[in-house]
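A short worksheet on the structure shown next.
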């Protein structure tokens, strides 16, 4: 994983991040997850299209002001076309069936872990096979968008953070294997001419025209850049396709449920799978451990708070943040994930199902020792076994 | 040798500290062009090696090292320390190229040139394998002091790939782990006599809180290692850091994909 597939963080402080065992899921259960994920993806894209014109709801989603201005420009200048649309829905098996905690729809990670790790582990499990290969589907979709051979795609990642760069390099290698020239870059290396993107190359002496941009760079970070960078073209008015497009900002916000009722569209899968979610000012979260608090644009579980899992001091800090800026948080009813017995002991699995252009494409599975999936979670291969095989645990 | 063999030479599975070795540069090795260290850097490293041998304790248990020298000097120092019985653990995290399929020998379009580091790791792998380093030998973590870039020599500018990196506390074992492994003091080896870089200081402050003694040894100061002042300053800067965090909220200090 480390040398061939860019898993450059196999050790995070004292934790080895790759599990030396496999979890198994029955084929019918995996098929059910795929159907649910595809329904969620359809509803998500419908919600995003509706929200593009509902600028009155953008502040409700806690979208930063510069991004709200950029999204208004999408209306006047059109959204920069999408190269590929990829999302990852995080499923949990609970005491009341499947639930989701969130969708990662702007910059989902876990491609190598979801594609290569199961493939490597499958050789030890006769009769079981990987769920799918999201990297392959993603790279095929990008390659299919190239107008001709020998095109260049830039993968934009934040400098200095290896956890992002390793994903970008891995995906770049997947593209290179399909004959698409791929190069890593920081946002400032892009140059826009007539709304088309070029990559500044070799000390600035060369300009490479780009056929596509993979933005492995959170949309909410873009406003910190100078407007002169031209970052707005990654979202609005650009003629070089980008993945993921601007609309992903809406569904990346954990406050998305607060806008549902105003959209007037069918969101039945979302309503069934996501726990009830409210603005913190509407519910008694301070004194009720039945609530989990999340910041609107949290990722990796680092801004997720459950009172009983925190020290008094940490909880007091969260209370202060939420009281100071309640509009940047969401309060969600807790669900009870059923634990799995493993060689690591009892763990709580999170099954992140990828969709590529609306089609379920594989799963990134993480195991955490507690209810919150954070940077200490361990990646594990999930294989699919025939329904006739005996069930191995609480995931039937 | 293959990529896996190079990596195994620097991070054998049986060695206690190998889990923390960073595989990034090794994943580029089979596609790299061997550059080799030039004569100047070899002479400089030989001088550094002489200074190191004179002042650092033997690898007999309670002392661990963090070598924070420039590029290939760090690798050469690591090899010399291996000859003393330490386990060198490369923690280099700068991408060597913006291209996923390797390096071009005729371009240096990156802020931090890692080609010589890759070559040094390759060139010394076979020799490293011949050394008898015990499985629980104390660690010598290897960092590249150029990782933050040099704004004067190589300023950030359009067209040049920004491959700077930072050293994070999560790149190292915790202070608790270090102590249970029998390491009670850590010497930071630097080129010049100054306190550690701010990114590494975060790790050292955490280790200090776990009651690990922190010392500084510099190549341009022939005196024995001196206690770091990080303990004195650390509390102040951590208070400032925590105050700033409390104002900004958790989102503003988060990184990483979902």
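No lab work stands behind these numbers, since they all come straight from the coordinates. As the structure is a computational prediction, the values presented were derived from the model and not from experiment. For neighbour counting, all protein chains shown are included, and Cβ atoms are generated from backbone atoms with ideal geometry for every residue, glycine included.
At a glance:
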read-out	value
Cα-based shape type of the stretch A:61-140, given that a ≥ b ≥ c are square roots of the gyration tensor eigenvalues and the cut on a/c is 1.5	oblate
Where Rh is the Kirkwood radius over Cα pairs, Rg/Rh for chain A	0.96
Rel. contact order, % - alpha carbon contacts under 8 angstrom, at least six apart, chain A	29 percent
Sorted by Cβ neighbour density within 10 Å, fewest at the top, the residues A:382, A:87, A:145, A:310	A:310, A:145, A:382, A:87
Residue with peak Gaussian network fluctuation, chain A [Cα springs, cutoff 10 Å], from A:99, A:316, A:62	A:316
Antiparallel bridges, percent of DSSP beta bridges restricted to chain A (to nearest 5)	70 percent
The stretch A:1-139: projected area of the alpha-carbon convex hull, averaged over directions, in nm²	12.0 nm²
Coarse-grained scattering of the stretch A:226-316 at q = 0.12, 0.13 Å⁻¹, given as base-10 log I(q)/I(0) from a Debye sum over alpha-carbon atoms	-0.58, -0.65
Average partner coverage of A:155-168, which counts Cβ from other chains inside 10 Å	5
Which of A:8, A:320 has the fewest Cβ neighbours within 10 Å, and the rest in rising order	A:320, A:8
Prolate/oblate/rounded call for the stretch A:9-81, Cα gyration tensor, a/c under 1.5 rounded	oblate
Average other protein chain Cβ within 10 Å of Cβ, residues B:166-172	4
Taking A:317, B:22, A:129, A:7 and counting other C-beta atoms within 10 Å, the order from fewest to most	A:129, A:317, A:7, B:22
Relative contact order, percent, the stretch A:1-80 [alpha-carbon distance under 8 Å, six or more residues apart]	13 percent
Contact order normalised by residue count of the stretch A:307-396, Cα under 8 Å, 6+ apart, percent	17 percent
Inter-chain Cβ neighbour average for residues A:182-191, partner chain, 10 Å	5
Approximate spin-label separation residue B:210-residue A:148, in nm, with each point projected 7 Å along Cα-to-Cβ	5.8 nm
For chain A, built as a Gaussian network whose Cα springs stay under 10 Å, the top-fluctuating residue of A:242, A:304, A:283	A:283
Rule-of-thumb Rg ratio for the stretch A:124-244 [Cα; 2.2 N^0.38 Å; N residues]	1.15
Length released on extending from residue A:227 to residue A:140, taking residue separation times 0.36 nm less the Cα-Cα span	28.0 nm
FRET efficiency, 1/(1 + (r/R0)^6) with R0 35 Å, evaluated for residue B:5 and residue B:195 via beta carbons	0.35
